[in-house]
1. Any idea how many residues of the range 170-188 are crowded, with 16+ Cβ neighbours inside 10 Å and farther than 21 Å from N67 by Cβ?
2. Any idea which of (1) touching a helix residue (DSSP H, G or I) at 6+ places or on another chain (Cβ under 7 Å); (2) under 27 Å from K271 (Cβ atoms); (3) buried (at least 21 other Cβ atoms within 10 Å of the Cβ) is the one A219 doesn't satisfy?
3. Under 7 Å by Cβ, and 6 or more places apart or on different chains, what pairs join a residue from the range 270-296 that is surrounded by 16 or more Cβ atoms within 10 Å (Cβ to Cβ) with one that is in a helix (DSSP H, G or I) and of a type in the set (D, E, K, R)?
4. Working only within the range 96-126, note down all residues that are modelled with pLDDT of 80 or more, buried (at least 16 other Cβ atoms within 10 Å of the Cβ) and under 24 Å from F56 (Cα atoms).
5. Restricting to helices (runs of 4 or more DSSP H) lying wholly in the range 216-259: which have 2 or more residues that are out of contact with any strand residue (DSSP E or B) (no Cβ under 8 Å at 6 or more places or on another chain) and polar (S, T, N, Q)?
6. For R158, which of the numbered conditions (1) under 24 Å from C26 (Cβ atoms); (2) buried (at least 16 other Cβ atoms within 10 Å of the Cβ) fails to hold?
7. Which residue out of G176, G172, G200 is at positive phi and either out of contact with any Lys or Arg (no Cβ under 7 Å at 6 or more places or on another chain) or in the same structural domain as T337 (by TED's automatic domain parsing) (or both)?
Amino acid sequence: MPAEVLSHSTRRKLASVLVAMAIFACLGTVTTAAVGRPIELGAANALLIGLGVGLFEEFYVQRPRGNWLRAMHPVRSIAVYIAVIVVLYFLAVHVSHLLLDRLDDLPTVYRRLPYGVAFFTLFSVVGVLMMRVVHFIGLETLFHLTVGTYHRPVQQRRVLLFLDINGSTALGERLGPLRTRELVRKFLSDVTQPIVDHGGDIYLYKGDGLIATWTWDDAIRNDAIMRAVDGMFAAVMREGQRYRTSFAAEPQFRVGIHGGEVVVSEQGDAKRSIGIFGDAINIAARMEEAARARGVRCIISSAVADALTDRTSLRLLGEERIKGISLPIAICAYAPTADRNTPAGPPL
């Protein structure tokens, strides 16, 4: 399939699957050699198990249908993974022996089956834990930290999106801190997928909101930034009944968008990360504040609005003065597709 046919999100997922296969192949080769079994069989088994685990993780666990597994305590979720790995082991053993024309070795495998299952399950758990670390840090962030892309500050042109829930303080008083965190966790999960699907990265989760970033070209190409906004509002609207059933409230939120030159650099010492600095990120934060002050769903600065192909759903609001910026910035309100097609849900 041509690369351009694959979505940005799918390419990322496939990259994660390849990382899983590499992790499992390394673990499988080393441990197979240590116990004196044929290395080619161990490596083939590990590659196939890594492929299965990677596909399971990326296309099931990290999708909405896998919410039940992600919500589990990590120890319990590992138990589910062990069951999946045992099934994958049986499949991988037979496929690898068939592909390598080593069916004569299967009787030995059957005799050593209890040891084989325990052996591959143990290193598979290690592999899954390594994958969880990669997910926690982020594959691209881990790559850039490893190769030192931003060891020295790099100037880039980016589009930044700030998002916050409306009335989060009142929501916290009504639901209490634990239930509020449950709602926010679900909400952030719902709005993250459209961002990633349309080429964005999550720069930071902050309280009841987030900051997302795109390269300028990725954001503007096919108006991807606005398709992401449409997707976020549509995702929360689709889940409206679940929110109302579980929390007696459907979260409403606001978005601010701006783009321009930023400096990207590694930051920190004991715990390193990649930071974004410059006026553009401060102005993007001010766009979100302006959306709250003006009572609109989404405000986008003229810097980004002027670069869009389709501006029919934008409405010029005037100018916004930003502290520390000498000239006022023209701003536009954007009406998400969900608002244009369906009446909005009840406010919090």
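The values are calculated or read from the model by the stated rules, or taken from the named source; none is laboratory data. Just so it is clear, the structure is predicted and the values come from calculations on it, not from any experiment. Every residue, glycine as well, gets a Cβ built from its backbone with ideal geometry; the counts of neighbours run over all protein chains shown.
1. Residues that pass the stated criteria total 1.
2. For A219, the failing item is (2).
3. Correct list of pairs: empty, since none qualify.
4. S96, H97
5. 240-247
6. Result: R158 passes all but (1).
7. G176
Per-residue answers, yes or no, for (1) in contact (Cβ under 8 Å) with a residue 12 or more places away in the chain; (2) more than 17 Å from the chain's Cα centre (by Cα):
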{"position": "G52", "(1), (2)": "yes, yes"}
{"position": "E57", "(1), (2)": "yes, no"}
{"position": "G66", "(1), (2)": "no, no"}
{"position": "A71", "(1), (2)": "no, no"}
{"position": "V75", "(1), (2)": "no, yes"}
{"position": "I82", "(1), (2)": "yes, yes"}
{"position": "I85", "(1), (2)": "yes, yes"}
{"position": "L88", "(1), (2)": "yes, yes"}
